[in-house]
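The next block holds one structure in the form of structure tokens; read it before the comments.
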Amino acid sequence: MDRPLSANSQGPFAVAVVGGGVSGLICARRLSQQGVHVTLFEAEPLLGGEIRTRTFAGHEIDMGAEAVHISAPGMKELIRELDLTDALITSNPGMSWLWTGRGLRRLPAGVGPSGPLRLLPVLQSGIMSIGGLARAALEPLIPRRTLSGDIGVGEYVGQRFGHQVVERFVDPVLGSLHAGNVYKLSLRAITPELSAIADLRASVMLSRREQKAGPPLSFATWVGGLSLFVDRLLAGTDVEVRRSSPVDSVARLPSGRFQIQEASGVVLEVDAVVLALPARIAAKLIRPLSAKAANILEQIRYASVATALVAYLLDAVKNVPALNGTGLLVPSSKNRLLKAATFLTTKWSHLADPNYFLMRLSSGRADEEVIDQLEDSALVAQLHNDLVDATGITAEPVQYFVQRWPEAIPQLEIGHLDLVRQVREELESYPGVMLAGSSYDGLGIATCLRSGERAAVSCLTLIAQ
């Protein structure tokens, strides 16, 4: 633009973005590109939220989000905009294991978080019983009822395919990703494509056969980890960044502007506020504006999780067949601390090491407290024992590092979309307050980026009024 956007005679339109995860960063970037004066507040010393890269065994490895889905809408364009395309590293082709009652089995082709797209690979996998397969094959013939509201993903998939599909596929894939109970996770919030099929009263399998094949799931990162992506999001902008600066309060002034007060006592006046924060934190900040909205936000639950990086001597594990896969998924019925494992050395070419085999071990689900009760060494020991039982590995890890993520994964449970809609409708009485992030619009880097961009559009629409 030729000149800054202005909402008053005192200067350019000013926005405070509270939260330095990817939702807040992309929102700040888009607003700054349109001439808005943006101040970004981040309570932690580092930006990126749950993107955290650490040097381990001589490699840069991500402790939170591990990769970007480059086929997600707008992702390739953003990566190109950030001048990161040439440095992209895509994951190696391979397969994941499911830990079943019959040992490790390949995750069948065509099985996604919401169930099977094709029955033949499932039949050949040996994961389901004959009865379970027969029930799943009946899906096109099962009566289709109209959904009056929201239900759990597990309940819907169970109605269509039978509960064995839920327990043996949906739970380890979707439940692991969301660290939650698939019978509580919202069909409409978590799997909108299934929700659309349900609303049409259609068969899941027949609907998917009729759909054109979408882009393949292609995941990528960089040698320096996802922190490189985070660092570039504010490149070339004039965003004022305040790290280690938690916001203590947000108050609306008689003028209609907002007063932001940092915990240090510093005060800033702005025209709009984007709260790119977990719902439990956003609730505290908006309570003086709307107790109703705050009370609703406090209904969103969270799961605490932990990620452990472990290194094994390569010579001690190179003959373990399971490590030819890229990872392992564990159903909750196993009652194990280990939720999932990523075999980093197999999955990523840049993490191949002449001395070590590197893994990421994940633990934690909603309503579990065991990870909070274990010291790092005990946590790693128990995860290793689970890995031994699953893969037959006999070596002990020679290095480890644990990253804990307390109350990190929002549980988008039944009724979540209605809950968020109510909050946003309530905040319409306070023009200039927007919400962005995974607590509201869903997990995943691409989803969080879209959430942040929508918040930026809302701010720009306010300016134009």
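Bear in mind that the values in this text are calculations on the coordinates, not laboratory data. The structure displayed is predicted, hence computed values, not measured ones. In this analysis, Cβ positions are derived from the backbone assuming ideal geometry, glycine residues included, and neighbour counts consider all displayed protein chains.
Here is how the numbers come out for the structure above:
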| read-out | value |
| --- | --- |
| Pair GLN399, SER207: separation of 7 Å Cα→Cβ label points (nm) | 4.7 nm |
| Computed [θ] at 222 nm, helices only, for the chain once each DSSP H run of length n ≥ 4 contributes -39500 (n - 2.57) | -8500 deg cm²/dmol |
| Relative contact order of region 301-411, defined on C-alpha pairs under 8 angstrom at six or more residues apart (%) | 47 percent |
| Cα gyration tensor shape of region 204-326, rounded if a/c is under 1.5, else prolate or oblate by comparing a/b with b/c | prolate |
| Beta bridge orientation in the chain: antiparallel %, DSSP, nearest 5 | 75 percent |
| From phi via Karplus (6.51, -1.76, 1.60), per-residue ³J(HN,Hα) for region 194-199 in Hz, x at Gly/Pro | 5, 4, 5, 5, 4, 5 |
| Listed pairs LYS76/LYS318; LYS292/LYS334; LYS318/LYS339 exceeding 32 Å between Cα atoms | LYS76/LYS318; LYS292/LYS334 |
| Cβ-based exposure ranking for SER363, SER125, in which fewest neighbours within 10 Å come first | SER125, SER363 |
| Separation between Cα centres of region 398-465 and region 254-292, rounded to whole Å | 15 Å |
| From phi via Karplus (6.51, -1.76, 1.60), per-residue ³J(HN,Hα) for region 407-417 in Hz, x at Gly/Pro | 6, 9, 9, x, 9, 7, 8, 3, x, 4, 4 |
| Segments 200-207, 314-321, 171-178 sorted - mean Cβ within 10 Å per residue, highest first | 171-178, 200-207, 314-321 |
| Amide H contacts under 5 Å for PHE56, placed H, 5+ residues apart | ILE61 |
| FRET efficiency, 1/(1 + (r/R0)^6) with R0 41 Å, evaluated for VAL370 and SER429 via beta carbons | 0.45 |
| Segment LEU200-GLU407, extension gain: residue separation times 0.36 nm, minus the distance between their alpha carbons | 70.9 nm |
| Amide H partners (placed H, <5 Å) of LEU289, local residues excluded | none |
| Amide hydrogen neighbours beyond the local backbone of VAL111, cut-off 5 Å, H modeled | LEU117 |
| Under 14 Å from the ASP353 label point (7 Å along Cα→beta-carbon), backbone N, region 359-398 | 359-361, 396-398 |
| Degrees between helix 445-464 axis and first principal axis of the chain (Cα, 0 to 90, nearest 10) | 20 degrees |
| Under Karplus coefficients 6.51, -1.76 and 1.60, residue-wise ³J(HN,Hα) of region 421-433 in Hz, glycine/proline x | 4, 4, 5, 5, 5, 5, 6, 5, 6, 10, x, x, 10 |
| From the coordinates shown, Cα extents along the principal axes in Å corresponds to which of [x] 158, 55, 38; [y] 82, 49, 45; [z] 72, 56, 43 | [z] |
